[in-house]
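All remarks here apply to the structure that follows.
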Amino acid sequence: MNHLLIITALQSEAEPIIKQYQLEKKHHSEKLFYFQRERITCLTTGVGEKNVRKRLGAFLQELACSNTILINIGIAGGKKDSSKIGTMYLINKITSDKSGKAWLPDILLKTGIPEVQLTTVSKGVTDGGEKYKGLVDMEAAVIFETAVEFFPVHCLVFLKIVSDYMDEVLDSPEQVLPIMSNNLSKLDSIITLMQNSEIVRAPLLNEQHERLLTDLNNTLKLTETQTHQLKNKIEGYIAIKDDDFSFLSNYLHIEINSKQERSKIFYEICTKLSS
Amino acid sequence: MKSAQNFLPDFSHIYIEDGAEKYPLAKDIIKRFPKAEKIYIPDYKTVFNRSGQDFIQQKKSMNLILAVKKPPFLYESTDILQDAGFENFVYTTPLLNCLYNCQYCFLQGMYPSANLVAFANEDDFFKAARNAVLQRKNKNQPLVLSISYNTDLLASENIIPFCRHWIEFASTQSDILIEIRTKSALFNVLKNVKPHKNVLLGWTLSPQEVIEKYEWDTPPLDRRLNAVRQALEKGWKVRLCFDPVMIIPQWQKVYGRFLDELFEAIPVDQIYDAVVGVFRMNKDFFQRARKREPKVDIYYKDYELNKSVLSISEKVHEEVKTFMLEKLEQHFSLDLIDIW
Ligand code: SF4
């Protein structure tokens with residue numbers, strides 16, 4: 001099952017999710033906490049670019065991101081004529097109002113959620129947002145920019161719920177909580193889809209394989225080239241035979257005393273893996 | 001292979017580069033996908049060259065990018081492209097990437113994305129082709145233009161009618177021969193197009209074992225043969241391509257049986273010519289492809305490296321040449337066989 005990292009800007013956006021999945025508070029560092037249970041983690045970054053860069057950046061530095069899908073969910077301003085308050089949208093293009101740069105999530109799965117583009121602004125918009133196409137928020141662009149260093153683009157999902165028509169800044173818990181809560185069942189179906197989809201590919205060598213490879217390198221004192229060749233052979237063995245190569249653990253008890261011995265054993269292993 | 005559940009169908013999203021939408025081809029394509037999400041982008045590379053794309057996952061749900069090609073429109077022949085002995089050989093790329101997913105194809109490692117890029121400014125390509133005809137080196141031979149190089153153009157004819165447009169163009173020119181190489185069985189899309197001597201349809205044929213193992217998402221052999229027969233009946237020039245001949249266990253036996261059955265199944269005397277090649281791939285593409293799809297045995301064989309191109313050993317290559325020549329000679333005169 002894939003791991004989901006849910007990112008919100010406001011604590012009130014995260015609250016209903018924490019409650020629904022009974023996530024527990026954990027500390028990343030003294031000042032940075034998050035919520036987690038099993039395969040769901042929720043991190044609140046705070047509003048705006050600076051907060052996202054600081055908190056999300058620090059958090060991702062230490063997260064093992066393989067097998068993880070990042071979902072950014074939160075409220076956004078929408079256009080009266082093309083969006084509806086309380087409706088959840090999937091974002092297919094994010095433009096940074098500040099830099100003009102566009103970010104494009106790779107939408108590969110069927111979510112059934114209507115799609116729209118979004119602009120990330122630095123200040124709340126209250127003039128109706130004539131100049132913007134689609135929705136506006138204050139974090140998505142910088143979340144994308146930060147996270148794309150760690151995740152493939154198709155593992156970055158942006159969900160926004162329209163809270164206003166860009167005529168007021170709406171961020172008090174009393175206003176945000178019901179909007180989020182009303183969309184929990186939709187979010188739940190997306191979480192189930194993402195967790196169970198084949199969207200994240202398992203690497204050819206699993207952790208156990210990698211460990212065995214490292215142990216073999218250490219025991220046999222392989223050169224850099226030999227290490228590379230061995231990895232290549234092991235990958236080929238798994239790819240073609242889809243088999244277990246635990247017989248290699250027998251070589252973990254061998255003592256190598258000379259270059260010749262090492263070459264002999266290395267050749268023997270390669271022959272077995274090529275057979 | 002395409003079997004992934006919950007993935008969106010191909011072309012659920014169409015990305016449109018600024019300036020592309022005004023071209024008739026782009027309008028026509030957009031009309032064919034009324035339900036697709038249209039996303040406007042400043043430059044096709046914004047989406048095609050994004051970092052962090054997963055080629056293998058994108059293959060399960062390919063999207064389309066409509067763009068405007070900037071020069072050059074034609075390219076000189078490369079080390080891995082067959083020119084069948086023609087001197088004025090060039091290729092062009094109206095479409096980048098392919099609907100099919102052959103595991104031995106250089107496309108597996110060439111681009112950062114699996115999405116298709118269709119260049120909508122066809123007239124610029126045609127103009128470049130006209131100029132190249134005038135400037136070709138050997139005036140005794142036509143300009144030979146491969147238009148299905150980074151793709152299988154006929155396979156996508158239902159959604160992007162490039163072949164039809166190129167055939168219409170070639171039919172109005174002299175001193176040009178365009179080659180459309182394909183594995184498609186979609187010959188019907190050309191049924192109302194008049195065959196022309198300036199157009200060569202080349203079908204890549206492989207034993208069914210090879211198709212199943214490596215030529216993912218392509219039509220089976222019998223359907224390709226059907227297309228070949230239909231094309232011949234209509235009077236098209238047809239080339240047969242055995243490229244690459246894959247070195248699978250007992251390859252001589254497999255290819256021997258395949259060729260015997262093939263020459264029973266089609267009127268071989270009507271075939272224009274035949275080309276044969278072996279697996280070859282640029283080293284960098286090979287390494288990238290292996291990283292992307294490490295479960296394919298092609299990436300674990302021993303190859304020889306020559307001018308940055310990986311290929312089977314010279315010895316096995318010679319065996320393939322001898323074997324194929326012996327088989328093909330029974331049906332074609334030597335000058336109609338190009339072995340690579
Ligand atoms: S049909 Fe041709 S271009 Fe397409 S994937 Fe196969 S070899 Fe590559």
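Exactly one residue out of B:L143, B:L81, B:L107 is modelled with pLDDT under 95 and either within 16 Å of the ligand (Cβ to nearest atom) or within 23 Å of B:W340 (Cα to Cα) (or both), and it is B:L81.
Residues that are part of a loop (DSSP other than H, G, I, E, B) and either free of Cβ contacts under 8 Å to residues at least 12 places away in the same chain or among the aliphatic types (A, V, I, L, M) (or both) within the stretch A:124-147 comprise A:V125, A:E130, A:K131, A:M138, listed in sequence order. Within the stretch B:5-18, the set of residues being β-branched (V, I, T) and at the interface with chain A (Cβ under 9 Å from one of its Cβ atoms) is empty. Going residue by residue through the stretch A:165-188, is there one that turns out to be open to solvent by 90 Å² or more (accessible area, probe 1.4 Å), within 14 Å of chain B (Cβ to nearest Cβ) and not charged (D, E, K, R)? No, the stretch A:165-188 contains no residue that is open to solvent by 90 Å² or more (accessible area, probe 1.4 Å), within 14 Å of chain B (Cβ to nearest Cβ) and not charged (D, E, K, R). Considering B:D284, B:D243, which residue is open to solvent by less than 40 Å² (accessible area, probe 1.4 Å) and either in contact with a Cys (Cβ under 6 Å, 6 or more places away or on another chain) or at pLDDT 95 or above (or both)? Answer to the check: B:D243. Can you tell me which residue within the stretch A:191-203, out of those that are surrounded by 13 or more Cβ atoms within 10 Å (Cβ to Cβ) and within 11 Å of chain B (Cβ to nearest Cβ), is farthest from A:K84 (Cα to Cα)? Among those that are surrounded by 13 or more Cβ atoms within 10 Å (Cβ to Cβ) and within 11 Å of chain B (Cβ to nearest Cβ), it is A:R201. Contact map, the stretch A:187-209: first residue assigned to a helix (DSSP H, G or I), second residue open to solvent by 30 Å² or more (accessible area, probe 1.4 Å) and of a type in the set (A, V, I, L, M), Cβ cut-off under 6 Å, separation 6 or more or different chains; pairs are A:Q195/A:M1. Scan the stretch A:108-123 for residues that are in a loop (DSSP other than H, G, I, E, B), within 14 Å of chain B (Cβ to nearest Cβ) and open to solvent by 30 Å² or more (accessible area, probe 1.4 Å) and the total you get is 4.
Each row is one residue, and each column tells you yes or no for (1) assigned to a loop (DSSP other than H, G, I, E, B); (2) within 14 Å of another protein chain (Cβ to nearest Cβ); (3) among the aliphatic types (A, V, I, L, M); (4) open to solvent by 30 Å² or more (accessible area, probe 1.4 Å).
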site: A:A58; (1), (2), (3), (4): no, no, yes, yes
site: A:L70; (1), (2), (3), (4): no, yes, yes, no
site: A:I73; (1), (2), (3), (4): no, no, yes, no
site: A:G86; (1), (2), (3), (4): yes, no, no, yes
site: A:L90; (1), (2), (3), (4): no, yes, yes, no
site: A:S99; (1), (2), (3), (4): yes, yes, no, yes
site: A:D106; (1), (2), (3), (4): yes, yes, no, no
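Does B:E168 qualify as being open to solvent by 20 Å² or more (accessible area, probe 1.4 Å) and modelled with pLDDT of 95 or more? In short, yes.
Going through (1) at pLDDT below 95; (2) out of contact with any helix residue (DSSP H, G or I) (no Cβ under 9 Å at 6 or more places or on another chain); (3) closer than 25 Å to A:M1 by Cα; (4) within 14 Å of chain B (Cβ to nearest Cβ) one by one, A:S82 falls short only on (3). Filtered by the rule that a residue be at pLDDT 95 or above and either assigned to a strand (DSSP E or B) or not charged (D, E, K, R) (or both), the stretch B:175-186 gives B:I176, B:L177, B:I178, B:E179, B:I180, B:R181, B:T182, B:S184, B:A185.
In the stretch A:34-48, the residue that is farthest from A:T120 (Cα to Cα) out of those that are open to solvent by less than 70 Å² (accessible area, probe 1.4 Å) and outside any loop (DSSP other than H, G, I, E, B) is A:Q36.
For the stretch B:47-78, what are the residues that are away from every other protein chain (no Cβ under 14 Å) and open to solvent by less than 20 Å² (accessible area, probe 1.4 Å)?
Answer for the stretch B:47-78, where residues must be away from every other protein chain (no Cβ under 14 Å) and open to solvent by less than 20 Å² (accessible area, probe 1.4 Å): B:L66, B:A67.
Scanning the stretch B:174-193 for residues that are in contact with a helix residue (DSSP H, G or I) (Cβ under 7 Å, 6 or more places away or on another chain) and either open to solvent by 50 Å² or more (accessible area, probe 1.4 Å) or within 13 Å of the ligand (Cβ to nearest atom) (or both) gives B:D175, B:I180, B:T182, B:K183, B:S184, B:A185, B:L186.
Here is the figure for the stretch B:202-245: residues that are closer than 19 Å to B:E179 by Cβ and either in a helix (DSSP H, G or I) or acidic (D, E) (or both) total 8.
When the stretch B:155-173 is limited to residues that are without any contact (Cβ under 8 Å) to a residue 40 or more places away in the chain and either within 16 Å of the ligand (Cβ to nearest atom) or among the small types (G, A, S) (or both), the one that is farthest from the other protein chains (Cβ to nearest Cβ) turns out to be B:S171. Would you mind finding the one in B:N115, B:N101, B:N97 that is within 16 Å of the ligand (Cβ to nearest atom) and under 20 Å from B:L201 (Cα atoms)? Only one candidate passes the filter, namely B:N97. Taking the criterion of being within 11 Å of chain A (Cβ to nearest Cβ) and surrounded by fewer than 14 Cβ atoms within 10 Å (Cβ to Cβ), the residues of the stretch B:19-46 that qualify are B:K38, B:P42. Mind checking whether some residue in the stretch B:210-217 is out of contact with any strand residue (DSSP E or B) (no Cβ under 7 Å at 6 or more places or on another chain) and either modelled with pLDDT under 95 or of a type in the set (V, I, T) (or both)? Yes. Mind listing whichever residues of the stretch B:284-340 are of a type in the set (S, T, N, Q) and in a strand (DSSP E or B)? Hits for the stretch B:284-340 are B:N306, B:S311.
The values are calculated or read from the model by the stated rules, or taken from the named source; none is laboratory data. Note that this is a predicted model, so its numbers are computed, not measured. All Cβ positions, glycine included, derive from the backbone under ideal geometry; neighbour counts span all protein chains shown. The protein model used for the area step is the full one, side chains on, heavy atoms only, and it has no ligands, DNA or RNA in it. Shrake-Rupley method; radii C 1.70, N 1.55, O 1.52, S 1.80 Å.
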